[in-house]
1. Run the accessible area of the chain with a 1.4 Å probe and give the carbon-and-sulfur part as a rounded percent.
2. What angle do you read, to the nearest 10 degrees and between 0 and 90, between the alpha-carbon axis of helix 37-50 and the longest principal axis of the chain?
3. Please arrange VAL10, VAL106 by accessible surface area, largest first, computed with a 1.4 Å probe and ligands excluded.
4. Could you rank the peptides 41-54, 67-80 by their average count of other C-beta atoms within 10 Å per residue, with the highest value first?
5. With unit charges on the beta carbons (Lys and Arg positive, Asp and Glu negative) and the dipole taken about the Cα centre of the chain, which residue among VAL48, GLN91, SER6 sits farthest to the positive side?
6. Over the range 37-108, what portion of Cα pair distances is larger than 19 Å, expressed as a whole percent?
7. Summing +1 for each Lys or Arg and -1 for each Asp or Glu, what net charge is found among the other residues whose Cβ lies under 10 Å from the Cβ of ARG15?
8. Between ARG104 and ASN51, what length in nm is gained on full extension when 0.36 nm per residue of separation is reduced by their alpha carbon distance?
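The values are calculated or read from the model by the stated rules, or taken from the named source; none is laboratory data. Just so it is clear, the model here is predicted, and its values are computed rather than measured. Heads up, the Cβs are rebuilt from the backbone with ideal geometry, glycines too, and the neighbour counts pull from every protein chain shown. Remember, those area values only see protein heavy atoms, side chains included, never the ligands or the DNA or RNA. Shrake-Rupley method; radii C 1.70, N 1.55, O 1.52, S 1.80 Å.
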Amino acid sequence: KLPLESIQVVLEELRKNGNLEWLDKNKTSFLIMWRRPEEWGKLIYQWVSKNGLTNSVFTLYELTSGDDTENEEFHGLDETMLLRALQALQQEHKAEIITLDDSRGVKFF
C-alpha cells in the first residue's frame, strides 16, 4: 500500500507524460491511457500509409472493427480514444473527421 502522497506523485507523472487525464476538478476520477492519443494516431496513420489508403474515407467502425484492421493494434479501440487519436491527426493536417449521415468517418491525407 502506498501513502496518498506517493499515489499523487505517480498520478502526476502519468499526467505529465500524457497517459492520465483528470475527469473532474477535484482530481478524484481519472482516465489512464495505455497510449496517448498522438501515439494511437501515429499507428493508425502508419497503417493508412503502408496500405496506400491516403485520400480514402473510412467510418469509425471500419477502423476499429473492420476486417482490414483485424491484425492491427488499434482494432477494437474505444471510440472515445479513436476520436482523440483522429483529432490529433487532424491537427497535423493528416486527416479530417467528417459526418456521414448518422455516423462519423475520417478522410486521410
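1. 47 percent
2. That helix lies at roughly 20 degrees to the long axis.
3. VAL10, VAL106
4. Ranking the peptides 41-54, 67-80 by packing returns 41-54, 67-80.
5. Checked the options; the winner is SER6.
6. Here the tail beyond 19 Å accounts for 20 percent of pairs.
7. With Lys, Arg at +1 and Asp, Glu at -1, the net is -1.
8. Length gained, ARG104 through ASN51: 16.9 nm.
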